[in-house]
Structures are given as C-alpha cells and as structure tokens.
Amino acid sequence: MDVETRFNLIKGVGEETVTEEELRQLLEAKRHPVAYDGFEPSGLAHLPVGVYRPLLLKDMLKAGVRFKLLLADSFAWINNKFGGDLDRIRDAGRYFVEVWKAAGVDMKKIEVIWHKEFFDDPEYWKKVILIAKNHSVTRTMRSLAIAGRSDDVSQPAAFVFYPSMQCADIFHIGADICQLGMDQRKVNMLARDITDKAGMAGVLGYDGLGVGGKPVVVSHHMLLGLSGRQSKLEDSRAKVQAAMDAKMSKSKPSSAIFVHDTAEEIRKKINSAYCPMKVVEGNPILDYTREVIFRAFDELEIKRPAKFGGDLTYHSYAELERDYLGDRLHPQDLKLAVAEYLDRLVEPIREHFSRGKARELYEKVSSYEVTR
C-alpha cells in the first residue's frame, strides 16, 4: 500500500489531524508507526466504544499502524470508577477486550497494555515529574476536562496528576500517533508542546518521527447522544465544548445505545432521537449515518411504500444528506433504516455475550455499581 493510500486511511479516521504534513512525513519515514488510544475500564460498552471504535481501529490496521490499546486501570482507580475497586476495574478491562473481539477487531494485531504496569515503573514516574515541571498549574487545570472533571479546586488533589500522567503515557509507549477522541485533544496538544521545550524529547526518551519529533495527533469524532446538539454557536471553542457536552455517554443511559440492547430497544431509542426535518447540524441520526453506517457498509437502503416514493439506495453520505436537506427523505424513514443497520452491527456482539465465559464476564461487570 502506497503512502498516499495509508495517509488517506489514517486521515479519514480523524475529525482533526495535527498536522497533516507531519503525518505524511511520518508515513514516508516509517512503514509501521505506533499509534495508541487509552480507555478507563468502566461500565458497559456503548456505540462509540463497542462499534465506532472498532471501525476506526480496522482502518488504522489497514494502514499498517502498530496499535497499542492502553487499558487505563490506574486512571480509573484515581477517577474512582467502580468505587476505586481495582479488581472490578480489571474485570471491565477484560470485558472491553471481548467486545472488540466480538466486533471483528483482530486483537492479535493489537498490543493490549495494562496501565498498572507503567504505574509500578520508576522510569514512568520520572517522565510524569519531568512533564509536570515543564507546564503550568493553569495548563493542568485546563486539561482536567480529559478526566471528565471540571477545574474546581475543591476536587481531590489526585486528579491533578491526571494530565501529566496521560502525557507521560505517550512518551513511555513511544507513540508516533495519538489516536484518541476530540475530548482528549488538550492533553495530546500538551504532549506536542512539551517536545518544544529544549531537549525534552531526548530526556523523555522519545523518538517520534513527526516534524520536530512531535507526536501526530489524529482526533476522532465524538458521536452525538440521542438528544443531539440543539445549540447554534459561532465561537469555535464554544462549539467544541458543546460537542463534548452532547456526546453519547454511558453516564446518560437514556441518550446512549449499548452493544447489549435488543433490536427492539435500538428501534425505540432511535425512534425517539432528535432528528428534525431538513436539519443536519447536531442531528444524531445523520451523525450515526455518516460516521458509523457508511464506514461499515457500502450502501444504505431506505425502504418506503410506493405511495411515498418507493425504496431508496444511497452509496455515500453526501447523497443522503442532499436528499435530507432537499426534503426528499423523511426523518422517520431514515430512523427506521438507521435502527436496522445499527442492529446489524450490534447483533454479533450481543450474540457473543449470550453464552460461555463472555456471558459470565458480562453479567459480572453489569452487576457492578458504576460510580463517578
């Protein structure tokens, strides 16, 4: 596969790439660059983690990337997930690996790392302290959004370690590409800024091949929750924050689709989702169509009675959006189709957890009380 094809595959995974020039340079220099993402194991898998993330992983693997998945058990412990019970956090991590297997990810091509291995490594903590010495408390507080926390100074002091720790992960792993969600952008940009400090890349033992030895940041889109995003904002920073607030979250079960939902539950949730006629921005149904369905399928078929114009088949999201804006595609017809296609993607995962050890693991994790 040539560099341009690999470049387009990786760029297509991201909503933003910082920078495209550096990504192309990296691919020219390195046949199998290292990319990473990290997850705090907690709760049950929903659409963004159980369906969308595997689709992105598959494209990264096609591009020849060596992918490392960091199961951030120690972060979840700091963040008090499952009440800070590390054994339960580990169960959730094993459960997520099973989800990705069931979604069709070739886990033999992915290196799974438990963060506790870093946590017990003195060299890792040396990196954490070096990073903390090279940025301000103000920058740390701004970056706390990555932990799902505000910058309220009444929070436990342990949360303050979070940004420097995640930044250190990038260098400890030796990641050429940070391939995380837009909600993690602040800490990934912090890592790039740290490498601007004289000699820091060398001190941290980092040999990333981007321009100036910086990690390339490929930030993927955050899928909208079922209630959508109904605010219209012009300020770019406000728009980013609004997108973060409107993302599909496990902590808002009524606005999320889970990989264990039945076909009927998916239909009911999609049917009640925000989807105004001729409105694209903030529309979760169109969001799932663009980001999930057209990544997984070559076409999307809309079934309609002849009296309403008959069936439609779309081969690209652009075609579908054009008809939606042109009032040639009704929201209800689109919802019915989206529910069917999402169920096709969820069904093998749901089936995988219906029996054997996977079911035992699912039942164990689902019995745990999720804490924030």
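Once both axes come from the Cα atoms, what is the angle between helix 122-133 and the longest principal axis of the chain, in degrees from 0 to 90, rounded to 10?
Approximately 90 degrees, to the nearest ten.
Give the residue from TRP77, LEU190, TYR314 lying farthest towards the positive end of the charge dipole for the chain; charges sit on Cβ (+1 for Lys and Arg, -1 for Asp and Glu) and the dipole is referred to the Cα centre.
Among TRP77, LEU190, TYR314, the one farthest towards the positive end of the dipole of the chain is TRP77.
Could you tell me what fraction of 2.2 N^0.38 Å the Cα radius of gyration of the chain comes to, as a two-decimal ratio?
1.01
Which whole number of Å³ per residue matches the convex hull of the alpha-carbon atoms in region 1-91?
108 Å³
Tell me the angle of helix 3-13 to the major Cα principal axis of the chain, expressed in degrees between 0 and 90 and rounded to the nearest ten.
70 degrees
Dividing the convex hull volume of the alpha carbon atoms of region 331-370 by its residue count, what do you get in Å³ per residue?
79 Å³
If the only charges are +1 at each Lys and Arg Cβ and -1 at each Asp and Glu Cβ, what is the size of the charge dipole of region 162-206 around the Cα centre, to the nearest 20 debye?
In debye, rounded to 20, region 162-206 gives about 80.
What are the residues whose amide H is under 5 Å from the amide H of LEU224, where those residues sit 5 or more places off or on another chain and H is modelled from the backbone?
Correct list: MET248.
Per residue of region 316-331, in order, report the coupling 6.51 cos²θ - 1.76 cosθ + 1.60 (Karplus, θ = phi - 60°) as ³J(HN,Hα) in whole Hz, putting x for Gly and Pro.
With coefficients 6.51, -1.76 and 1.60, one gets 7, 5, 4, 4, 5, 4, 4, 5, 5, 5, x, 6, 9, 9, 7, x Hz.
Determine the calculated [θ] at 222 nm for the chain from helices alone, applying -39500 (n - 2.57) to every DSSP H run no shorter than 4 residues and normalising by the residue count; nearest 500 deg cm²/dmol.
Numbers: 17 runs with 172 residues, N = 372.
-13500 deg cm²/dmol, from helical runs alone.
What is the local net charge at ARG350, summed over the other residues whose Cβ is closer than 15 Å to its Cβ (Lys, Arg +1; Asp, Glu -1)?
Around ARG350, the surrounding residues sum to -3.
Within straight cross-link reach of LYS186, meaning Cα distance under 18 Å, which lysines are found once same-chain residues fewer than 8 apart are removed?
By straight Cα distance, LYS186 reaches LYS133, LYS197, LYS214, LYS239, LYS247.
Using the Cα centre of region 1-88 as the reference point, and only Cβ charges (+1 on K/R, -1 on D/E), how large is the resulting charge dipole? Debye, rounded to the nearest 20. Don't skip to the end; give the middle numbers.
Details: 12 positive and 14 negative charges, 70 e Å.
Roughly 340 debye, rounded to the nearest 20.
From the P(r) of region 42-116, can you give the percent of Cα pairs sitting at distances over 20 Å?
32 percent
What accessible area, in Å² to the nearest ten, does a 1.4 Å probe give for GLU98?
40 Å²
How much accessible surface area, in Å² rounded to 10, belongs to the heavy atoms of SER354 with a 1.4 Å probe?
Spelled out: SER354, probe radius 1.4 Å, area about 50 Å².
If eta is 1.306 mPa s and T is 10 °C, what Stokes-Einstein diffusion coefficient results for region 60-206, Kirkwood Rh from Cα pairs, in µm²/s?
Details: Rh = 16.3 Å.
Using the Kirkwood radius from Cα pairs, D works out to 97 µm²/s.
Give the angle, between 0 and 90 degrees and rounded to the nearest 10, that separates the Cα long axis of helix 185-194 from the longest principal axis of the Cα atoms of the chain.
30 degrees
Quick one: among GLN184, GLN166, GLN25, which has the greatest mean-square fluctuation in a GNM of the chain with alpha-carbon springs under 10 angstrom?
GLN25
The values are calculated or read from the model by the stated rules, or taken from the named source; none is laboratory data. Predicted, not measured: the structure shown is a model, and the values here were computed from it. Note that we place each Cβ from the backbone using ideal geometry, even for glycine, and neighbour counts take in every protein chain shown. Please note that ligands, DNA and RNA were not included when accessible areas were found on the heavy atoms of the full protein model with its side chains. Shrake-Rupley method; radii C 1.70, N 1.55, O 1.52, S 1.80 Å.
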